Amino acid sequence: MKGSTGAGQDQIAAHVLTDGDEDDAVQAPSLLRQCEGTLASVTADSAYDRDPVYQAALVRQPGSPPEVVIPPRADAVPSTTDPDQQTPRDRHIRLMAERGRIGWQRATGYGKRNHVETTMGRYKHLIGPKLRARSRCAQPGEVALAVQVLNRMIREAKPVSFRH
């Protein structure tokens, strides 16, 4: 299952059930279509460093596209050296070359992606790491129901933590 959180609420805003061998980046359009409202940013790991993800974000909000924050792959090269023609991905490549990976993460707010990882870990801990439905046609319904249950739990009973 691929997922995303929304509105800073640590709730799952979109999900899609996939086989383990499916390409992550191909799922981006489906995930973005499920999200409601205006998106400020789209953040993902380097498995999503593909043109379909950037295109899906642009198609999702053509007037004011969300900022796409994806670390370029280690072998990434800019599509152009002309600063006026650079894509968001090109700017990430340049910024990472200038500041290094940690500097790029700080400059782009990439650390927020940890909220998604935490939410997905919560899903696996509370709901379980495996699906119970045996038939492929029943599994999407199981995941959708589990997402609704988890989101309700987060809305109603999420603990408030703080450090002393």
*Would you pick out the residues in the stretch 27-86 that are under 11 Å from the mean Cα position of the chain (by Cα) and touching a residue at least 40 places away in the same chain (Cβ under 8 Å)?*
S41, T43, A44, D45, V69
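Restricting to the stretch 122-164, name every residue that is of a type outside the set (A, V, I, L, M, F, W, C), under 17 Å from G20 (Cα atoms) and surrounded by 10 or more Cβ atoms within 10 Å (Cβ to Cβ). Break it down stepwise before answering.
Start the filter on the stretch 122-164 by keeping residues that are of a type outside the set (A, V, I, L, M, F, W, C), which leaves 122-125, 128-130, 132, 134-136, 139-142, 148, 151-152, 155-156, 158-159, 161, 163-164.
Filter once more, keeping what is under 17 Å from G20 (Cα atoms): 124, 128-130, 132, 134-136, 139-140.
If the condition is that a residue be of a type outside the set (A, V, I, L, M, F, W, C), under 17 Å from G20 (Cα atoms) and surrounded by 10 or more Cβ atoms within 10 Å (Cβ to Cβ), then K124, G128, R132, R136, Q139, P140 are the ones that fit.
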*asked:* Given the criteria closer than 26 Å to S41 by Cβ, in contact (Cβ under 8 Å) with a residue 40 or more places away in the chain and not hydrophobic (A, V, I, L, M, F, W, C), does G103 qualify?
replied: no
*From T118, T108, residue being polar (S, T, N, Q), touching a residue at least 12 places away in the same chain (Cβ under 8 Å) and exposed (fewer than 14 other Cβ atoms within 10 Å of the Cβ)*: T118
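Given the criteria at pLDDT 90 or above and within 30 Å of S135 (Cβ to Cβ), does Y48 qualify? Full working, then the answer.
On the way: at pLDDT 90 or above: yes; within 30 Å of S135 (Cβ to Cβ): yes.
It is true that Y48 is at pLDDT 90 or above and within 30 Å of S135 (Cβ to Cβ).
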*asked:* Being modelled with pLDDT of 90 or more, under 30 Å from C137 (Cβ atoms), in a helix (DSSP H, G or I) and not basic (K, R): is that true of A14 here?
replied: no
*Quick one: what pairs do we get from the stretch 132-160, first residue at pLDDT below 95, second assigned to a helix (DSSP H, G or I) and of a type in the set (D, E), C-beta under 8 Å, 6+ apart or different chains?*
R132/E142; A133/E142
*asked:* Among the residues in the stretch 83-100, are any at pLDDT 90 or above, closer than 22 Å to D51 by Cα and loosely packed, with under 12 Cβ neighbours inside 10 Å?
replied: yes
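Please work out which residue is farthest from R91 (Cα to Cα), limiting yourself to the stretch 17-65 and to residues that are among the charged types (D, E, K, R) and assigned to a helix (DSSP H, G or I). Give the derivation first.
Of the stretch 17-65, the ones among the charged types (D, E, K, R) are 19, 21-24, 33, 36, 45, 49-51, 60.
Retained after the next criterion (residues that are assigned to a helix (DSSP H, G or I)): 33, 51, 60.
Values: R33: 25, D51: 14, R60: 21 Å.
Filtering the stretch 17-65 for residues that are among the charged types (D, E, K, R) and assigned to a helix (DSSP H, G or I), the one farthest from R91 (Cα to Cα) comes out as R33.
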*Report those helices (runs of 4 or more DSSP H) wholly inside the stretch 66-164 carrying at least 3 residues which are over 25 Å from A28 (Cβ atoms) and not small (G, A, S).*
88-108, 139-157
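Can you pull out the residues in the stretch 62-78 that are within 15 Å of A40 (Cα to Cα) and either surrounded by 14 or more Cβ atoms within 10 Å (Cβ to Cβ) or among the acidic types (D, E) (or both)? So that I can check it myself, show each step before the final result.
Let us first name the residues in the stretch 62-78 that are within 15 Å of A40 (Cα to Cα), namely 62-70.
If the condition is that a residue be within 15 Å of A40 (Cα to Cα) and either surrounded by 14 or more Cβ atoms within 10 Å (Cβ to Cβ) or among the acidic types (D, E) (or both), then P65, P66, E67, V68, V69, I70 are the ones that fit.
The values are calculated or read from the model by the stated rules, or taken from the named source; none is laboratory data. None of these values were measured; they are calculated from a predicted model. Neighbour counts run over all protein chains shown; Cβ positions are idealised from the backbone, glycine included.
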